[in-house]
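Trainee: Attaching a single structure in structure tokens format; questions to follow.
The values are calculated or read from the model by the stated rules, or taken from the named source; none is laboratory data. Quantities reported herein were computed from a predicted structural model and do not represent experimental measurements. Here the Cβ positions follow ideal geometry from the backbone for every residue, glycine too, while neighbour counts run over all protein chains shown. All accessible areas refer to the heavy atoms of the entire protein, side chains included, with ligands and DNA or RNA removed. Shrake-Rupley method; radii C 1.70, N 1.55, O 1.52, S 1.80 Å.
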Amino acid sequence: MRAERFAPSADRAVVRLIGGVVLALVALGSTAGQGWAQPGSGSGTHGAADYTPVTATVRGRVGDTVVVRLGVANLGPGAPAGGAPGTFAVVPPAGTTITSIPWEGDDDDRRYACRPPQDEDNPFFLCDLSEWPAPAPGASITLGFHIRIDRRIPGAEGSLTVYGPHDPVPGNDSAAIRVRAAPAPPLRWQQGALAAGALAAVVTAGGWFVRRRRRGMS
């Protein structure tokens, strides 16, 4: 993944455009009466759901794969009325790789619960909230993103951007995903060196033993 090629602001602009297109397509496929309730119609604020990102810092050592829960919280005042509940998109910080997003609560063995990046120019994972029960006011939906820390890049940030068709507060739809990476422990490479040395010693000893036996038999 080459997210480091893009500035966070550029990432968010591209992700926002794609998310809007996805929501529009889903809305077109909804049948009459199954979309979000319009604010101020019917049950008042029932369809006005203020979505905001749920993020966390990626913490670990270089080489570690850690689980970070990312998603969306509904600040209210209402809840989705059916149809397309929205999406959220995740751009991993530079120097990290999202290795998997397992499905939870079932036996599904698919690697990603969200659509992975489609090409290098769109380095984000797009999560369709229709796959889960829509969050009620005050509730949230989060997924366990398995993120590998490949290298330390000072100041690296990813982003999480959420979308709701009738979000009354669009100004809080994006948040940064930060990294706190420590160097790989010396023991990690020392163990590899020791293992290689031990294997070489075993091979050498085996060759010596075979030669001794051949000499004894001659």
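Trainee: In segment 96-124, which residues have a backbone nitrogen under 17 Å from the label point lying 7 Å from Arg69's Cα in the Cα-to-Cβ direction?
Mentor: What the label zone holds, given the 17 Å backbone N cut-off, is 101-106.
Trainee: Got a number for carbon plus sulfur as a percent of segment 45-143's accessible area, 1.4 Å probe?
Mentor: Working: 1920 of 4110 Å².
Result for segment 45-143: 47 percent of the exposed heavy-atom area is carbon or sulfur.
Trainee: Please sort 112-122, 51-61, 146-156 by packing, taking for each peptide the average over its residues of neighbouring beta carbons within 10 angstrom, highest first.
Mentor: Details: 112-122: 14.1, 51-61: 19.3, 146-156: 16.2.
Highest-to-lowest ranking by the protection proxy: 51-61, 146-156, 112-122.
Trainee: Any idea how far apart Arg59 and Ser140 come out in nm if each label point goes 7 Å out from Cα toward Cβ?
Mentor: Output for this residue pair reads 1.5 nm.
Trainee: What fraction of the Cα pairs in segment 129-172, stated in percent, has a spacing above 12 angstrom?
Mentor: Numbers: 742 of 946 pairs.
Percentage above 12 Å: 78.
Trainee: Now, a different point. Taking a cut-off of 23 Å, what percent of all Cα-Cα pairs in segment 71-188 are separated by more than that? Each step should come with its number before you reach the end.
Mentor: Details: 2617 of 6903 pairs.
Result for the distance tail: 38 percent.
Trainee: 5 Å is the cut-off here: which amide hydrogens, built 1.01 Å from N in the peptide plane, fall below it relative to Arg59, excluding neighbours closer than 5 in sequence?
Mentor: Close amide H contacts, sequence-distant or interchain: Arg180.
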